[in-house]
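The structure under discussion appears below in the form of structure tokens.
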Amino acid sequence: MTDQGLDSTVKAGRPAARRMFRARIGKFEDRDARATIDDLAAWVEETYREELKARPSKHVYLRTLPEDIQARMDSLRDSEAIRSAILEQFPADTVITPMKNTDELYISHYNKDYGGDHGLFSKHYDGNLRFMPVGAVVRSLIYLQSDATYKVVFGDSRVEKAFVTYDFGLLDFHRELHWVEGTYNPHDSQRILLKCNYLVAPKNAVWLTKALLAANTGVFYLVKAAMEYSKSPRTPLQYAVGWLCNAMRLLNNIHPLVPILLSLGAIGAAGWGISRLF
């Protein structure tokens, strides 16, 4: 496991400052794990042959894939290598709850066209719940296939990596400002990875854990639906939603409450305007 960007507090196994999980980089060294990764990459290339030729990125929820494929992916996302790397930065009584309903297969094509997937490559936080009172949501990026064409920069942790096949990265879903650097080339190796999320919370915080799971899942689905609808936009409405996604992303970079308050203000103003008509 690589310790780039980690301070002595994190290395000692104690919680990071501001409850932030510091980005980590690792690699699957086990022969069986690598064979599983090779098999899954070959399956993706065969199953999504046409999508791999397309320009926008593609996300597929893992829960919608065939059961045997899900089982192979489970062996990676639930691996000891990932779980132990997460727990290094939390107290001993911490519990990891996989958020499998949000986990995705991701075919990544570097795409900056101000549509829904533009924000995946610009500076952004994956989530907007940075004010969570306890715990964290950790995201794993498991690379089934990739060359060193693109570099992922984890700004807050001061870690950067050009991920290749068998690598994995771990980041704080809500608190890590990160982005991708590179230039699209259709002849590069396809960048295929799994995005898996884990809620990390105190052992005895049962109801709090359930509330955090509900909040994270609800926001995730709402944002994801808007991004998917507006990627590589063609219609005026898709362009509008794409620009809204990117505007909200930029505002979230300032503070997570800014887009929430603006949205509530817009809803309130619309309600007041409609009430004046009657």
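Just a few scattered comments:
- Take the Cα of LEU87, step 7 Å toward its Cβ, do the same at LYS210, and the gap between the two points is 2.5 nm.
- For LYS203 and PHE131, the difference between the fully extended length at 0.36 nm per residue and the C-alpha to C-alpha distance is 23.9 nm.
- Across region 144-156, rounded Karplus estimates of 3J(HN,Hα) from the backbone phi angles (6.51 cos²θ - 1.76 cosθ + 1.60, θ = phi - 60°) give 6, 7, 5, 10, 8, 5, 9, 10, 9, 10, 9, x, 5 Hz, Gly and Pro being marked x.
- Counted residue by residue at 0.36 nm each, then reduced by the alpha carbon distance between them, the extension gain from VAL164 to ALA54 reaches 37.5 nm.
- What the phi angles of region 82-99 give under the Karplus curve with 6.51, -1.76 and 1.60, with θ = phi - 60°, is a coupling list of 6, 4, 5, 5, 5, 5, 4, 9, 10, x, 5, 8, 6, 10, 9, 10, x, 9 Hz, glycine and proline written as x.
None of the figures in this text is laboratory data; all of them are computed from the coordinates on show. All figures in this text were calculated on a predicted structure; none of them were measured in a lab. Neighbour counts are summed over all protein chains in view; Cβ atoms, including those assigned to glycine, are modelled from backbone coordinates with ideal geometry.
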